[in-house]
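Report on the structure given below.
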Amino acid sequence: MTTKKLGRQTVALAHPPSVAGHANVVGKKEGEGPLADSFDQINQDDSFGEKTWEKAETAMQKLALSSALDKAGLDTIKAFPPIRTFGTIGFICSMWLVDLLGFQSNYMQFFTCAAWGVVLAVYAQTLPECPVSRAQGGQKSLVEALGLRAFLLFKNRKMAVFFIFSMLLGVSLQITNGFANPFITSFSAIPEYANTFGVQHANLLISLSQISETCCILLIPFFLGRFGIKKVMLIAMVAWVLRFGLFGLGDPGSGVWMFVLSMIVYGVAFDFFNVSGSLFVDKETDLSIRSSAQGLFVIMTNGIGATVGTLSAQAVVNCFVDFNSQAPQVEGWSRAWFVFAAYALVVAVTFALVFKYKHKVDND
């Protein structure tokens, strides 16, 4: 560091230091006080997972330092969404590739996926090394190594409600993932629609959903900072109602505009729940379990939610659609979509009543 000596004990720095980030970490008692909203992190364990007071204080200081460094770097809410768009762009490319190569309805799509997996595995070896966070004071326990500490978040009512509704929204996501394509292609049984673009290229039509998703991701920083996670997730839930309802009302002919509008709405339905939810978890959890908490969020949405969504949605569709019949099943499909729309509406209303969250408006 370049300095200029001004006196016997005084120097002037060529590049004076400045405060780039600050953070504070407190225990459970402070978090229950009137200044709770002013703290960056509130740890529910006053000992911070340590056995002695000295180690607990060290852990607390490390958390505060890590948080300050994190805040001095990138703003996750503003930085992550633009990066996330590249994943969606890849999704769109894969859908178009499978459709244009004629693999939409056969097993070749799986070989295509496998080939891309090998390419990505090779590419991953070229990525820069990322240091791994180690346990404070020694080796991680089996519970910590498996990320099971994240389940302690269910002791926090706000986080427990959030994770439960994340699972319920994961059901909605799996419904549209599993049945959008079969529904649209089922119109091929009706001569009037058999040769329409939507029926012949269902994947291309559905890819409008991902194009909308790419655009809506960029809206997240504004909406999340301005309205908070509760209103943003409510917007997503209402969007799911519209997504399913428009599917039930539309067709590939004169009603194709409803399909297109449903694809546009999907961007809001997915991003305002999935991406915003991930950012909410990042913001509300301690650094010590943040990665595990993100894993728990994925388990609730793409694990439990996806499994329940697949099984229950299939049961609903089977009640209204006869896959063994050669007759058009449009009416049955419409009823199934209306059932899904009603489900999404019930989830939205319940969430509005149950989830309590006070948002501080970000004016930056």
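The numbers here are math on the coordinates, done by the rules we state, and not lab data. All of these numbers come straight from a predicted model, not from anything done at the bench. FYI the Cβ positions are ideal-geometry reconstructions off the backbone, even for glycines, and counts take in every protein chain you see.
Table for the structure above
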item	result
Cβ-Cβ FRET estimate between F86 and E57, R0 fixed at 35 Å, reported to 0.05	0.25
Neighbour-count order for H201, H22, fewest beta carbons within 10 angstrom listed first	H22, H201
Prolate/oblate/rounded label for region 253-335 (Cα gyration tensor, a/c 1.5)	oblate
Computed P(r) (all Cα pairs; region 201-295; 10 Å bins; percent)	17, 40, 28, 12, 3, 0
Mean residue ellipticity (222 nm) of the chain, computed from DSSP H runs ≥ 4 via -39,500 (n - 2.57), nearest 500	-20000 deg cm²/dmol
Pairs of Cα atoms farther than 36 Å apart, the chain, %	35
Cα-based convex hull volume of region 152-271 per residue, rounded to whole Å³	102
Listed residue pairs exceeding 22 Å between alpha carbons, taken from K155/K283; K51/K283; K155/K358; K29/K230; K28/K231	K51/K283; K29/K230; K28/K231
For the chain, size of Cβ-based charge dipole, Lys and Arg +1, Asp and Glu -1, in debye	1120
Length gained when the stretch F110-F320 is fully extended (0.36 nm per residue, less Cα-Cα span)	72.7 nm
Given charges at Cβ of Lys, Arg, Asp, Glu: region 154-259 dipole, positive-most of S254, C216, I164	I164
Segment K231-Q9, length gained on full extension (0.36 nm per residue, minus Cα span)	74.3 nm
Cα-only Debye scattering, region 177-244: base-10 log of I(q)/I(0) at q = 0.24, 0.28 Å⁻¹	-1.04, -1.20
Q200 versus A36: modelled label distance in nm, points set 7 Å from Cα along the beta carbon direction	6.1
Stretch in the chain that is longest and holds no trypsin sites (Lys or Arg not before Pro) that DSSP places in a loop and that have at most 11 other beta carbons within 10 Å	135-355
Along the chain, longest interval not containing exposed chymotrypsin sites (Phe, Trp or Tyr not before Pro), exposed being DSSP loop plus at most 13 other Cβ atoms within 10 Å	108-322
Point-to-point label distance, K29-F154, nm (Cα→Cβ direction, 7 Å offset)	3.0
Burial ordering of E284, E129, E54, fewest other beta-carbon atoms within 10 Å first	E129, E54, E284
At 0.890 mPa s and 25 °C, Stokes D of region 207-364 from Kirkwood alpha-carbon radius, µm² per second	143
